[in-house]
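Asks: A single structure is presented below for examination.
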2 protein chains.
Amino acid sequence: MKNFNFQAATNILFGKGQIEKLVDVLAPFGKNVLLTYGGGSIKRNGLYADIQEKLGSEFNVIELAGIEPNPRLETVKKGVSLCREHKIDVILAVGGGSTIDCSKAISAGTFYEGNPWDFTNDSSLVGETLPIVSILTIAATGSEMNGGSVITNLETKEKLSFGSRDLAPKVSILDPSYTFSVPKYQTMAGSADILSHLFENYFNQTTDTMVQDGIAEGLMRTVYHYTPLVLENPEDYEARANLMWASSLALNGLTGSGKAGIWSCHGMEHELSAYYDITHGIGLAIITPRWMKYCLNEKTVGKFAEFGHRVFDIEKTNNQMLMAEKAIELTYQSFKSWGIPMTLGEVGIDDSLLDEMASQTVKHKTMDQGTFVPLTQKDILAIFTDSLVEMY
Amino acid sequence: MKNFNFQAATNILFGKGQIEKLVDVLAPFGKNVLLTYGGGSIKRNGLYADIQEKLGSEFNVIELAGIEPNPRLETVKKGVSLCREHKIDVILAVGGGSTIDCSKAISAGTFYEGNPWDFTNDSSLVGETLPIVSILTIAATGSEMNGGSVITNLETKEKLSFGSRDLAPKVSILDPSYTFSVPKYQTMAGSADILSHLFENYFNQTTDTMVQDGIAEGLMRTVYHYTPLVLENPEDYEARANLMWASSLALNGLTGSGKAGIWSCHGMEHELSAYYDITHGIGLAIITPRWMKYCLNEKTVGKFAEFGHRVFDIEKTNNQMLMAEKAIELTYQSFKSWGIPMTLGEVGIDDSLLDEMASQTVKHKTMDQGTFVPLTQKDILAIFTDSLVEMY
């Protein structure tokens, strides 16, 4: 285990009806609120009206609507202008990872003289920040309980991340019933995203991290158990609750602290999203099992076998390679059984830009050292190419 | 899953050499430091000298030494007097759960006009508090990452708890190498204590808590894996690190949030400690397997079987009762194999006060509802009596 620093300072209010505490948690930060949200689903499901009613005339609410699924730099800049113009005290982010991520960039950007895109090159440029309160409406990115943010620059076709502990929401309201109306496609993309965060930390070179890995295995089992149940019955409160809490804990430092290393699949997927604007979780689901198979070798087989045993209940035998192969197949088949399109073609990606995207991956991220298995541009191209056809 | 509120605000500095940050983390709170510690082991292992050197002449350090393994009310009162007299700004608690628990009572007691014992009757009496920075020297209670405290009143033979989120240490330095010198007896008592915290939350009536239970199972496997390794080689850094981090996460809300219910074994053990001043973890190890067996019935068998499968790798079969019995036996035999005295007689407790302690248990704690299995005074006496003789 490596040395680490852990703090989960976000005050989580979890469960049905926690919205009743909204005014109490918002008030200490001030009266001027920037309300951020996405495509308007919160208007359809009644949450928007509920928030407006609760904030009433006590708060001055300015709105930034229409935050994109892959939130764009221009939207961040628009938010920064609003915060400065209206002397915003607190950002109320209502939505999923995109809305919260965008709100983080706005929070830091408000006090930064340059282009907020600079943060993606150097997180230490984040100085003063505006407090964020979030109301989560989809279980996926974990942004509600950490300081990370991913922003897309359509001009340069780049999707890059930055982070600061100060950007973690001060309070997050997690009411599983707000995710009842999440469509099937977004629900399974969210589950794939949660799993990917767990995989990226789990398949790692640091040894003796049984605490972190045991937690990750438990959260993986949770996602595999409950995802089919919510796809079947979107209003299954207990299933939604477990997925929601798993999403927050998957990326709040619990499974990654004490490990050194660089994530692999997110680096590759960010290129797919940047070039084709596909849903992040779907891209991850497509790439991950190919990446696993590509990484499977005599050195890594033990970890994949353990994964299969702990997560898929594959019986322990002396043939670790067979256990590992079975685990990778189950990873693929689970995504497929949920209904995820498991080839690039099905999400509109052909082979024309694979080369360019592989090149961009290694440009944006060190992939040939520090990753679970070192990957060159050629390896990445091979994984992209494998993703064009069915695995089984 | 029940509604809950979660926040892990303690800033954890984990790993070898983190003491180098001590001055930086202490300074923001002020110059007047109350240094609290126990029986002097930190003088023998060099930590005391290291702290003194680091604090140097920059801080005014007042000492409260000799905090007991079951910290006493009189010691709390002594600490309160010191804090008031010397206008203490921050308490630096160096030790294990006893020292940190005592420091919490001092922290709250400093601003309370009445007897700090009152807190054990009503935690809401905790008002203003002094900040606490802790340096952990034994993996056991989890007090380094939560707001709970257990205090003993020798006069009334009572050992009772209270808590407030404000009492959680602001910063905790967790350097596993500080636990190298923990003797074998305290090491295994600590591991039993960690397991007990996990058991108490795990064996619970709330359903659909796979997130919490999966985390608990991972932490239990960690304790079972690494405890024999540290008993064999006390300076195994990786093993000490996993036990230390498991101890903090076992009781910081992760495995208990979202569940309603009352702990059983702690209620019974607190009477043993209050009457006989035995080591808390040892008392828990003795009581727990008897309690498990007493609770095993057709309604609870599924949970015990799952526990056995996930934690001890017992193969899943249709005979859940056999799986459950095997799991309970392994719980007992593991403690025994570490070297824990597994009967009350071995820790100097005979049958003379069992009746009185059973009566006190139900006086101090509601045990007949809200617990995993309701327990009457008669049931508790039976569990105490079972603890007089070997189980297998």
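The values are calculated or read from the model by the stated rules, or taken from the named source; none is laboratory data. All values derive from a computational prediction rather than experimental measurement. All Cβ positions, glycine included, derive from the backbone under ideal geometry; neighbour counts span all protein chains shown.
Asks: Do you know which residues across region B:218-233 are within 12 Å of chain A (Cβ to nearest Cβ), over 13 Å from B:Phe199 (Cβ atoms) and either out of contact with any Phe, Trp or Tyr (no Cβ under 9 Å at 6 or more places or on another chain) or at pLDDT below 95 (or both)?
Replies: B:Gly218, B:His225, B:Tyr226, B:Leu229
Asks: Moving on. Being polar (S, T, N, Q) and more than 19 Å from the chain's Cα centre (by Cα) is true for just one of B:Thr110, B:Thr120, B:Thr141. Which residue is that?
Replies: Working: B:Thr120 fails: more than 19 Å from the chain's Cα centre (by Cα); B:Thr141 fails: more than 19 Å from the chain's Cα centre (by Cα).
On inspection, the qualifying residue turns out to be B:Thr110.
Asks: Also, I was wondering about something else. Give just the number: which of (1) within 19 Å of the chain's Cα centre (by Cα); (2) crowded, with 24+ Cβ neighbours inside 10 Å; (3) touching a residue at least 12 places away in the same chain (Cβ under 8 Å) does A:Tyr224 not satisfy?
Replies: (2)
Asks: Against the condition crowded, with 23+ Cβ neighbours inside 10 Å, within 14 Å of chain A (Cβ to nearest Cβ), modelled with pLDDT of 95 or more and within 21 Å of the chain's Cα centre (by Cα), how does B:Ile67 come out, does it pass?
Replies: No.
For every residue, the table says whether it meets (1) surrounded by 13 or more Cβ atoms within 10 Å (Cβ to Cβ); (2) within 25 Å of the chain's Cα centre (by Cα); (3) within 14 Å of chain A (Cβ to nearest Cβ).
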position: B:Trp291; (1), (2), (3): yes, yes, no
position: B:Cys295; (1), (2), (3): yes, yes, no
position: B:Phe307; (1), (2), (3): yes, yes, yes
position: B:Phe312; (1), (2), (3): yes, yes, yes
position: B:Glu315; (1), (2), (3): no, no, yes
position: B:Asn318; (1), (2), (3): no, no, no
position: B:Ser334; (1), (2), (3): yes, yes, no
position: B:Ile349; (1), (2), (3): yes, yes, no
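Asks: Which numbered condition in (1) without any contact (Cβ under 8 Å) to a residue 24 or more places away in the chain; (2) of a type outside the set (S, T, N, Q); (3) farther than 11 Å from B:Leu243 by Cα is the only one that B:Asp175 fails?
Replies: (1)
Asks: May I pose another question? Residues that are surrounded by 19 or more Cβ atoms within 10 Å (Cβ to Cβ), over 22 Å from B:Gly39 (Cβ atoms) and at pLDDT 95 or above: does region B:180-194 have at least one?
Replies: no
Asks: Condition test on B:Phe6, is it facing chain A (nearest Cβ under 9 Å), farther than 15 Å from B:Ser134 by Cα, surrounded by 21 or more Cβ atoms within 10 Å (Cβ to Cβ) and in contact with a Gly (Cβ under 9 Å, 6 or more places away or on another chain)?
Replies: Values: facing chain A (nearest Cβ under 9 Å): yes; farther than 15 Å from B:Ser134 by Cα: yes; surrounded by 21 or more Cβ atoms within 10 Å (Cβ to Cβ): yes; in contact with a Gly (Cβ under 9 Å, 6 or more places away or on another chain): yes.
When the stated conditions are applied, B:Phe6 passes them.
Asks: Any residue in region B:58-68 that is under 28 Å from B:Gly190 (Cβ atoms) and part of a helix (DSSP H, G or I)?
Replies: Here is the first cut: in region B:58-68, the ones under 28 Å from B:Gly190 (Cβ atoms) are B:61, B:63-68.
Filter once more, keeping what is part of a helix (DSSP H, G or I): none.
Scanning region B:58-68, I find no residue that is under 28 Å from B:Gly190 (Cβ atoms) and part of a helix (DSSP H, G or I), so the answer is no.
Asks: Mind checking which residues of region B:309-336 are in a helix (DSSP H, G or I), under 19 Å from A:Glu306 (Cβ atoms) and free of Cβ contacts under 8 Å to residues at least 60 places away in the same chain?
Replies: Of the residues in region B:309-336, the ones in a helix (DSSP H, G or I) are B:309-312, B:320-336.
Filter once more, so that each one left must be under 19 Å from A:Glu306 (Cβ atoms): B:309-312.
B:His309, the sole residue that qualifies.
Asks: Which ones in region A:127-144 are farther than 25 Å from A:Asn201 by Cα and either β-branched (Val, Ile, Thr) or part of a helix (DSSP H, G or I) (or both)?
Replies: Correct list: A:Thr129, A:Ile132, A:Val133, A:Ile135.
Asks: Among (1) outside any strand (DSSP E or B); (2) buried (at least 24 other Cβ atoms within 10 Å of the Cβ); (3) hydrophobic (A, V, I, L, M, F, W, C), which single condition is A:Phe111 missing?
Replies: Answer for A:Phe111: the failing condition is (2).
Asks: Moving on to the next point. Condition (residue is among the aliphatic types (A, V, I, L, M) and closer than 30 Å to A:Asp122 by Cβ) applied to region A:282-300: is it met by at least one residue? Before the answer, list the steps.
Replies: Applying the first criterion (among the aliphatic types (A, V, I, L, M)) to region A:282-300 yields A:282, A:284-287, A:292, A:296.
From what is left, the residues that are closer than 30 Å to A:Asp122 by Cβ are A:284, A:287.
Within region A:282-300, one or more residues are among the aliphatic types (A, V, I, L, M) and closer than 30 Å to A:Asp122 by Cβ.
Asks: For region B:119-129, which residues satisfy the criterion of being touching an Asp or Glu at 6+ places or on another chain (Cβ under 9 Å) and either modelled with pLDDT under 95 or buried (at least 24 other Cβ atoms within 10 Å of the Cβ) (or both)?
Replies: Across region B:119-129, the qualifying residue is only B:Val126.
Asks: Would you mind finding the one in A:Ser247, A:Ser257 that is of a type in the set (Ser, Thr, Tyr), surrounded by fewer than 24 Cβ atoms within 10 Å (Cβ to Cβ), assigned by the TED database to the domain that holds A:Asp193 and under 25 Å from B:Gln212 (Cβ atoms)? Reasoning before the result, please.
Replies: Working: A:Ser247 fails: surrounded by fewer than 24 Cβ atoms within 10 Å (Cβ to Cβ).
Among A:Ser247, A:Ser257, only A:Ser257 is of a type in the set (Ser, Thr, Tyr), surrounded by fewer than 24 Cβ atoms within 10 Å (Cβ to Cβ), assigned by the TED database to the domain that holds A:Asp193 and under 25 Å from B:Gln212 (Cβ atoms).
Asks: Can I ask one more? Could you count how many residues in region A:234-258 are away from chain B (no Cβ under 12 Å) and touching a strand residue (DSSP E or B) at 6+ places or on another chain (Cβ under 8 Å)?
Replies: Initial filter on region A:234-258 (away from chain B (no Cβ under 12 Å)): A:234-235, A:251, A:256.
Filter again for touching a strand residue (DSSP E or B) at 6+ places or on another chain (Cβ under 8 Å), leaving A:251.
Count: 1.
Asks: Does B:Glu144 qualify as being among the charged types (D, E, K, R), in contact (Cβ under 8 Å) with a residue 40 or more places away in the chain, more than 11 Å from chain A (Cβ to nearest Cβ) and closer than 17 Å to B:Cys265 by Cα? First the steps, then the outcome.
Replies: Working: among the charged types (D, E, K, R): yes; in contact (Cβ under 8 Å) with a residue 40 or more places away in the chain: yes; more than 11 Å from chain A (Cβ to nearest Cβ): yes; closer than 17 Å to B:Cys265 by Cα: no.
It is false that B:Glu144 is among the charged types (D, E, K, R), in contact (Cβ under 8 Å) with a residue 40 or more places away in the chain, more than 11 Å from chain A (Cβ to nearest Cβ) and closer than 17 Å to B:Cys265 by Cα.
Asks: Related question: Scan region B:23-52 residue by residue and report those that are in contact with a strand residue (DSSP E or B) (Cβ under 8 Å, 6 or more places away or on another chain) and within 14 Å of chain A (Cβ to nearest Cβ).
Replies: B:Val25
Asks: Taking A:Lys21 as the residue in question, decide whether it is under 23 Å from the mean Cα position of the chain (by Cα), surrounded by fewer than 22 Cβ atoms within 10 Å (Cβ to Cβ) and of a type in the set (Lys, Arg). Give the derivation first.
Replies: Working: under 23 Å from the mean Cα position of the chain (by Cα): no; surrounded by fewer than 22 Cβ atoms within 10 Å (Cβ to Cβ): yes; of a type in the set (Lys, Arg): yes.
Criteria not met by A:Lys21.
Asks: Another question, then. Test of understanding: among B:Leu92, B:Leu35, B:Leu26, B:Leu13, which residue is part of a helix (DSSP H, G or I), within 26 Å of the chain's Cα centre (by Cα) and surrounded by 18 or more Cβ atoms within 10 Å (Cβ to Cβ)? Steps first, answer last, please.
Replies: Details: B:Leu92 fails: part of a helix (DSSP H, G or I); B:Leu35 fails: part of a helix (DSSP H, G or I); B:Leu13 fails: part of a helix (DSSP H, G or I).
Result of the check over B:Leu92, B:Leu35, B:Leu26, B:Leu13: B:Leu26.
Asks: Considering only region B:382-392, I want to know if a residue exists there that is aromatic (Phe, Trp, Tyr) and either at pLDDT below 95 or surrounded by fewer than 17 Cβ atoms within 10 Å (Cβ to Cβ) (or both).
Replies: Quick first cut of region B:382-392, residues aromatic (Phe, Trp, Tyr) only: B:384, B:392.
If we keep only those that are either at pLDDT below 95 or surrounded by fewer than 17 Cβ atoms within 10 Å (Cβ to Cβ) (or both) as well, we get B:392.
Taking every residue of region B:382-392 in turn, at least one turns out to be aromatic (Phe, Trp, Tyr) and either at pLDDT below 95 or surrounded by fewer than 17 Cβ atoms within 10 Å (Cβ to Cβ) (or both).
Asks: A further question on this structure: Mind checking which residues of region A:195-209 are within 13 Å of chain B (Cβ to nearest Cβ) and surrounded by fewer than 23 Cβ atoms within 10 Å (Cβ to Cβ)?
Replies: Listed by number, the residues that qualify are A:Thr206, A:Thr207, A:Asp208.
Asks: Determine which single condition A:Ser103 fails, assuming it passes every other condition in (1) at positive phi; (2) within 25 Å of the chain's Cα centre (by Cα).
Replies: In the conditions (1) at positive phi; (2) within 25 Å of the chain's Cα centre (by Cα), A:Ser103 misses (1) alone.
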